[in-house]
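Report on the structure given below.
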Amino acid sequence: MFRRALMAASALLIAAGAGPSDLHAQSGGAGQQAIRLSLAEAVGRAVDLNEDVLIARAERARTEGLAREVRSASLPEIEANINYNRNIQNAVLFLETGDGDVQQIRLGQQNQYSFSVSLQQPLLDFSLGPARTAAKLTDQATQVQIETARVSVALAARLAYYRTLLDKELVLVQEKALEQAEARLREVEAFYRVGTASDFDLLTAQVEVENIRPLLIEARNQLELNTNRLKRTIGLPLDRPIELTDQLKRPGEIAPLNEAIVVALRNRPDLQSQSLVVGLQTQNLKVEKGSAYPTLDLIANLTRQGASSTLFPGGQDFAQSASAGLQFSLPIFDGRARSGRVQQARAAVDRETYRLEQLTENVRLDVQQSHQALIASREQIEASESNIARAERALEIAQTRFRNGLSTQVELNDAELAVTQARTNFAQALFNYNAAQAQLMAAMGER
């Protein structure tokens, strides 16, 4: 039993919570008031209501049962049995008399009763200690599994929140681009009516407006899709309107890389999980080694039997017996099956230890990559923000030149496109910075 429980606990960790109270408290429906949602509130809802976290909590209940099963091996096992037997035809014993005749003697009574209580208590078993340690590790494993799910869900919630904010910015960018194109179309139409603009100028302005409309439609559609993804992540009905109250953050202080690595090595739940895997495999090895040693059990039994011709017998119809003893078992030879299991367990310990070392280095690399991405995105923000001002100034000059007949409409189109692209690049850079910061938090094991 110890071996099966340890293997099950190891499988749980290698594959890798308070119940929800308001998962369906807010039902969807038209005309509902929008929920004002900050980033912190979105993350808080996600780590409480997301299905991945709920699954981890349900898994904890199962592993608690597994740990209880392992601990039960060191406790006494008491069993009670009650039997009633109705003899429709009693058994007969045939006896030969001295004169050669055969005499039939009926055995027993019509009603037979039996009450027994047995107890078995392990006194000496070298597998018990490792099994109890494994039970503690399994309980810790469930906590780690829940925390792993929460860190992952928190990252998903942040990225979904930031993506929705980015889509809102991109919608605004396309709306401004459409406003500029429509304003220029009205200006060209005025010039056309007085004869200072050609058919080509009018057609070009009209085409530019119609080219921007699909981009705006696509941006709004993408905003709707990512808003729904955010709702799914935080456990809200898809038809429940929400209003995001936070904005994409500007760059701030970035923690030194060495400090981030230290925090990650201390906090990362997957590292903690792998450490528990190593511990469980170590206990499994001890269990296999302990199976070569003798075991000693205390066994006791109390039995009370009765027989009567009536359905309810009296006290004189019962007899009682009791026994107690020690059972000593010593494995002598099992065809070297035990040595094979010990070899497998030792190899499992080595394997999981190497995986722990590998994961430790991967965590360092993960933090380093996220840290570098954060620094690069901060530089992108600085570059793209200053470029917006230049693009807007260039557009003002192009508009003045166009009104004075000093440039073509193509030059003005290029200037407007440059402004739209600069605003898009800045919004994307802001998103990249916030997403990189969220990735770094997850790499450090924070939520």
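Every read-out reported here was derived from the displayed coordinates using simple, explicitly stated rules and does not represent laboratory data. Note that the coordinates shown come from a computational prediction; the quantities given were computed from them, not determined experimentally. In this analysis, Cβ positions are derived from the backbone assuming ideal geometry, glycine residues included, and neighbour counts consider all displayed protein chains.
A few points about this structure:
- Peptide packing: for 362-373, 425-436, 248-259, the average count of neighbouring Cβ atoms within 10 Å per residue gives the ranking 425-436, 362-373, 248-259, highest mean first.
- Amide H contacts of Leu37: Glu243, Leu244, Thr245, each under 5 Å away and 5 or more positions distant or on a separate chain (H built 1.01 Å from N in the peptide plane; Pro and chain starts excluded).
- Computed E for Asn90/Arg351 - FRET, C-beta separation, R0 51 angstrom, nearest 0.05: 0.20
- Distances between placed amide hydrogens fall under 5 Å for Ala307 paired with Tyr113, all partners being 5 or more residues away or on another chain.
- Phi to ³J(HN,Hα) by Karplus 6.51 cos²θ - 1.76 cosθ + 1.60 over the stretch 353-358, Hz, x for Gly, Pro: 5, 5, 5, 5, 4, 5
- Mean-position separation - Cα centroids, the stretch 215-231 and the stretch 175-194, in angstrom: 28 Å
- Table column - 3J(HN,Hα) (Hz), the stretch 438-447, Karplus curve with 6.51, -1.76, 1.60, x for Gly and Pro: 5, 5, 5, 4, 5, 5, 8, x, 9, 9
- Our helix-only sum for the chain, with -39,500 (n - 2.57) per DSSP H run of n ≥ 4 divided by its residues, gives a mean residue ellipticity at 222 nm of -23000 deg cm²/dmol.
- Dipole of the chain, positive direction: furthest Cα of Phe312, Gln437, Ser329, with charges on the beta-carbon: Ser329
- Taking amide H atoms as placed 1.01 Å from N in the peptide plane, the amide H of Ala197 lies under 5 Å from those of Tyr192, each 5 or more residues away in sequence or on another chain.
- Protection proxy ranking of 269-275, 51-57, by the mean of other Cβ atoms within 10 Å over each peptide's residues and highest first, is 269-275, 51-57.
- Extreme residue, positive dipole direction of the chain, given options Leu412, Leu257, Ile299 (C-beta unit charges): Ile299
- Take 375-383, 145-153, 226-234 and order them by the average number of nearby Cβ atoms within 10 Å per residue, most first; the result is 145-153, 226-234, 375-383.
- Using the Karplus relation 6.51 cos²θ - 1.76 cosθ + 1.60 with θ = phi - 60°, the per-residue 3J(HN,Hα) values for the stretch 321-338 come to 9, 9, 8, 8, x, 10, 10, 10, 10, 9, x, 10, 8, 10, x, 6, 5, 5 Hz, with x marking Gly and Pro.
- Alpha-carbon centroids, the stretch 389-411 and the stretch 262-322: separation in whole Å: 86 Å
- Our summary gives the stretch 263-324 a relative contact order of 26 percent, counting only alpha carbon pairs under 8 angstrom and 6 or more residues apart.
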